[in-house]
Amino acid sequence: MDNATITAAVKEFDSPLYVYDSSKIRDNYKQFTEAFKVEKLKVHYACKALNNLTILRLFKSMGSGLDCVSINEVQIGLKAGFSAEDILFTPNNVSIEEYEEAIKLGVAINVDNLTTLEHFGMNHPNVPIYIRINPHLMAGGNQKISVGHIDSKFGISIHQVPHIERIAKKFDINIKGVHVHTGSDILDPEIFVKAAELVFSVVEKFESVTHIDFGSGFKVAYKDGDLHTDMEALGSKFSQSFNEFCQRQGKTYTLEFEPGKFMVSNAGFFVAKTNVVKQTTSCTFIGLDTGFNHLIRPMFYNAHHEIENITNPTGDKKVYNVVGYICETDTFAMDRIIPEVRKGDLLMFRNAGAYCATMASNYNSRPRPAEVLIHDGKVHLIKRRETLEDILATQVEAEIEI
Ligand SMILES: Cc1ncc(COP(=O)(O)O)c(C=O)c1O
């Protein structure tokens, strides 16, 4: 992705702007699928990371399925052309009505609590389901994205497997899959192997299981020298223990994963314009035409995003605090060394493909940015910029005397 292409895209579609690179997404998908040497592999791309219809069509064209956490994500997946069988619905704490809708749509359903399991038993014993196990493993880059530990709200405790067995037996439930997801940005690859051993011990108890889903959590690098998952090494080690398990069981299971970040994080770039360069008594702020309403990860997770000055890449390096225009502390980066930034310069944030545009909001009544995809050398608009009319579209002025 070169600076000239991105600058031209901003000229055409204005700033701030999300820019995605389809070739990078293709490379990531290829690298991922080639890492696992098993008979049956299925990827369900976690579309919460980036749910644009055109991006979803790209995943479909590569043979991916989808992991969806809400019924609207399921509907978006169907609209993008995925068949119901290629969609796994993995919600948490949703209503029975939402599960019922998913049953009607025919997607695979992942059940993550015993009450819902009983509901399926009493009302839909023949609908094949996955069960989500909480393995009680602490994993994930920070507390907000660690979801497989004992205090986490996700999944059915591994210690409750006898209870699952009792319910499944009573209602003759068709448990087709066992699922585990321990978190995102997992630093220690051994966690995957450990989780696998625990999951295998659950799978052994249910003859009907044909699919084993290990969720995701693959760590990507946000800057030079960052730890990241070595997919080839992990794939090789993981495939070996998976194949050994299949052999022991005398059965070929389908190995499934739900990567989000690994697929799209480094394929996305967020570009914003410098409104103000402001020197204070303690530092120099760069004030951008955006804020945590458009890219919340630094404020929400303390996430690091590399920032480049793409309109003055060879300028003298200086130290800046990069901030947004939102009406409260709104910091993208502190003490960051960047080539000299002048009013009007475009700053580009890297790793803006996952959990950036999909987490954007209208806070401070700011429209969400446009999004473009660079595909086969051309820039395509895949989401237009919002307008004030969009922001007001759902408001209803009550007919009351005020
Ligand atoms: C159930 C489940 N699967 C997959 C993912 C995707 O994780 P990642 O983006 O780290 O690949 C998540 C992330 O929240 C998740 O909750």
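Here are the numbers:
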{"item": "Listed residues 389, 207, 12, most fluctuating in the chain (Gaussian network, C-alpha, under 10 Å)", "result": "389"}
{"item": "Cut-off of 10 Å, at most 11 other beta carbons, DSSP loop: longest stretch of the chain lacking such trypsin sites (Lys or Arg not before Pro)", "result": "1-152"}
{"item": "Gyration tensor verdict on the stretch 1-92 (Cα atoms; rounded if a/c is under 1.5, prolate if a/b is larger than b/c, oblate otherwise)", "result": "oblate"}
{"item": "Residue 399 versus residue 27: modelled label distance in nm, points set 7 Å from Cα along the beta carbon direction", "result": "5.9 nm"}
{"item": "DSSP bridge pairs, the stretch 22-262: antiparallel proportion in percent, nearest 5", "result": "5 percent"}
{"item": "Length added when fully stretched, residue 174-residue 79, from 0.36 nm per residue minus Cα-Cα", "result": "31.4 nm"}
{"item": "Likely footprinting exposure, 402, 109, fewest C-beta neighbours within 10 Å first", "result": "402, 109"}
{"item": "Residues of the stretch 293-332 with amide N under 19 Å of a point placed 7 Å along Cα→Cβ from residue 361", "result": "293-303, 323-332"}
{"item": "Separation in nanometres of the label points that stand 7 Å from Cα toward Cβ, at residue 3 and residue 188", "result": "4.2 nm"}
{"item": "Cα gyration tensor category, rounded, prolate or oblate, for the stretch 249-402 with a/c compared to 1.5", "result": "oblate"}
{"item": "Angle in degrees between helix 22-35 and the longest Cα principal axis of the chain, rounded to the nearest 10", "result": "30 degrees"}
{"item": "Anchor residue 37: lysines whose Cα lies under 28 Å away (excluding residues fewer than 8 positions away in-chain)", "result": "24, 48, 60, 176, 194, 205, 219, 237, 251, 261"}
{"item": "Rounded to 5, percent antiparallel among DSSP beta bridges of the chain", "result": "45 percent"}
{"item": "Charge dipole magnitude, Cβ of K and R +1, D and E -1 - the stretch 22-262, Cα centre, debye nearest 20", "result": "280 debye"}
{"item": "Relative contact order (%) - the stretch 1-97, alpha-carbon pairs under 8 angstrom, separation at least six", "result": "22 percent"}
{"item": "Net length gained if the chain between residue 279 and residue 343 were fully extended (0.36 nm per residue, minus Cα distance)", "result": "21.8 nm"}
{"item": "Gyration tensor verdict on the chain (Cα atoms; rounded if a/c is under 1.5, prolate if a/b is larger than b/c, oblate otherwise)", "result": "prolate"}
{"item": "Theoretical FRET efficiency, 1/(1+(r/R0)^6), r = Cβ-Cβ of residue 115 and residue 249, R0 35 Å, to 0.05", "result": "0.70"}
{"item": "Value of relative contact order over the chain, rounded to a whole percent, pairs C-alpha under 8 Å and six or more apart", "result": "19 percent"}
{"item": "The chain: calculated mean residue ellipticity at 222 nm from DSSP helix runs of at least 4, using -39500 (n - 2.57)", "result": "-9000 deg cm²/dmol"}
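Coordinate-derived values only; no laboratory data. Note that the coordinates shown come from a computational prediction; the quantities given were computed from them, not determined experimentally. Because the Cβ atoms are built from the backbone with ideal geometry, glycine has one as well, and the counts that use them run over all protein chains shown.
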